[in-house]
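> Please see the structure below; I have some questions.
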Amino acid sequence: MLVSEQATMGITLYQNHAEQLLKDYVLADSFIPCTSIIGGIFASKVVYDLTQTISAIYFKSYASLSKMQRVEWNNRAISTLHAIFITTISLYFVFWSDLFSDQFAGLITLRCSQLSTFALGVSVGYFLADLGMILWFYPALGGFEYVIHHLLSIAAVAYAMLTGEGQLYTYMVLISETTTPGINLRWYLDATGKRRSRAYVINGVVIFFAWLVARIILFMYLFYHFYLHYDQVQQLRSFGLFLVSVVPLVLTVMNLMWFAKIVKGLKKTIAKTQ
């Protein structure tokens with residue numbers, strides 16, 4: 001009994017110590033940007049390495065891919081996990097959390113929390129890691145439009161993280177990452193020779209509707225929300241106002257261009273199956 005009680009006390013003390021370290025350092029206001037960004041970069045590296053190891057063991061088609069295809073395979077695993085993480089967090093803050101609710105006093109454009117800031121930092125870390133890979137292997141992992149997309153994302157997300165300004169609109173834009181897993185699955189199916197499979201066609205339809213909702217309709221809602229709360233938006237500093245106004249607009253144009261390609265590709269895929 002004495003040994004058991006001592007073990008329980010030891011575990012409790014360890015948990016309290018770990019929680020205190022988390023509170024004092026990882027989630028301390030002055031450390032959040034640094035720890036979250038480093039955490040995002042480190043997580044990207046870990047996922048890349050794990051994907052490389054697991055794929056080589058469990059996916060026979062992985063070995064038959066070219067070196068560059070294997071790099072892209074691993075890279076897309078990182079973007080998929082980041083998309084799932086940031087979409088979940090974004091949906092929570094935009095639609096379920098009280099952080100940005102109109103029911104409470106204060107400017108919604110200036111609201112933030114430790115968790116909302118930390119999550120943005122993780123996203124910045126991912127975008128930095130991904131941009132580094134895009135530039136290192138340029139243009140194999142993405143052309144000029146991907147570089148512009150990532151630079152805009154880093155600027156907007158980092159600003160919201162560091163200043164606490166416009167985090168609501170930043171999270172609204174980040175919900176658009178919900179389309180990423182479908183896009184990546186499309187690439188995986190293509191790379192493994194399943195371009196004519198039913199799964200490929202179904203995935204194309206899912207991408208169409210996901211893109212329509214998350215990157216077209218949602219952005220329309222963002223601009224509508226922006227209009228309704230423009231008196232609060234005006235309270236942002238000049239650079240923050242520029243990012244909140246211009247970045248979603250530029251991304252909307254890019255989303256429409258990519259959506260046109262998605263529609264064109266879906267038409268071709270459906271025509272081939274008939």
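The values are calculated or read from the model by the stated rules, or taken from the named source; none is laboratory data. Everything numeric in this text was worked out from a predicted model, so none of it was measured. For neighbour counting, all protein chains shown are included, and Cβ atoms are generated from backbone atoms with ideal geometry for every residue, glycine included. Just so you know, the surface numbers come from the protein's heavy atoms only, side chains and all, with ligands and any DNA or RNA stripped out. Shrake-Rupley method; radii C 1.70, N 1.55, O 1.52, S 1.80 Å.
> How about the range 98-142: which of its residues are in a helix (DSSP H, G or I), touching an Asp or Glu at 6+ places or on another chain (Cβ under 9 Å) and buried (at least 18 other Cβ atoms within 10 Å of the Cβ)?
If the condition is that a residue be in a helix (DSSP H, G or I), touching an Asp or Glu at 6+ places or on another chain (Cβ under 9 Å) and buried (at least 18 other Cβ atoms within 10 Å of the Cβ), then I108, T109, T117, S123 are the ones that fit.
> I would also like to ask the following. Looking at the range 104-142 only, could you name the residues that are among the polar types (S, T, N, Q) and touching a residue at least 60 places away in the same chain (Cβ under 8 Å)?
Residues satisfying the conditions are T109, Q114, T117, S123.
> If the Cβ limit is 7 Å and pairs must be 6+ apart or interchain, which residue in the range 242-269 that is under 17 Å from F144 (Cα atoms) pairs with which residue that is assigned to a helix (DSSP H, G or I) and open to solvent by 60 Å² or more (accessible area, probe 1.4 Å)?
M254/E145
> Please verify whether T170 is out of contact with any Phe, Trp or Tyr (no Cβ under 6 Å at 6 or more places or on another chain), assigned to a helix (DSSP H, G or I) and of a type in the set (S, T, N, Q), treating the condition exactly as stated.
The answer is yes for T170.
> Same structure, new question: Just name the residue that is nearest to S66 (Cα to Cα) out of those in the range 165-195 that are open to solvent by less than 40 Å² (accessible area, probe 1.4 Å) and of a type in the set (D, E).
The extreme case among them is E177.
> May I pose another question? For G121, are the conditions met, namely being of a type outside the set (S, T, Y) and more than 20 Å from T163 (Cα to Cα)?
Considered against the rule, which asks whether it is of a type outside the set (S, T, Y) and more than 20 Å from T163 (Cα to Cα), G121 comes out as no.
> From I207, I217, I148, I175, which residue is within 28 Å of L266 (Cβ to Cβ) and modelled with pLDDT under 95?
Testing whether each residue is within 28 Å of L266 (Cβ to Cβ) and modelled with pLDDT under 95 leaves just I148.
> Determine if the range 161-172 includes at least one residue that is at negative phi, touching a residue at least 60 places away in the same chain (Cβ under 8 Å) and small (G, A, S).
no
> Among the residues that make up the range 244-251, is at least one of them in a helix (DSSP H, G or I), under 28 Å from Y188 (Cβ atoms) and not basic (K, R)?
yes
> Here's another thing I want to ask about it. Take V213 and tell me if it is surrounded by fewer than 16 Cβ atoms within 10 Å (Cβ to Cβ) and within 27 Å of F100 (Cα to Cα).
yes
> Could you list, in sequence order, the residues of the range 196-212 that are without any contact (Cβ under 8 Å) to a residue 40 or more places away in the chain and either under 13 Å from the mean Cα position of the chain (by Cα) or not in a helix (DSSP H, G or I) (or both)?
S197
> Suppose we filter the range 154-167 for residues that are in a helix (DSSP H, G or I) and touching a Ser or Thr at 6+ places or on another chain (Cβ under 8 Å); how many remain?
Looking only at that region, the number is 5.
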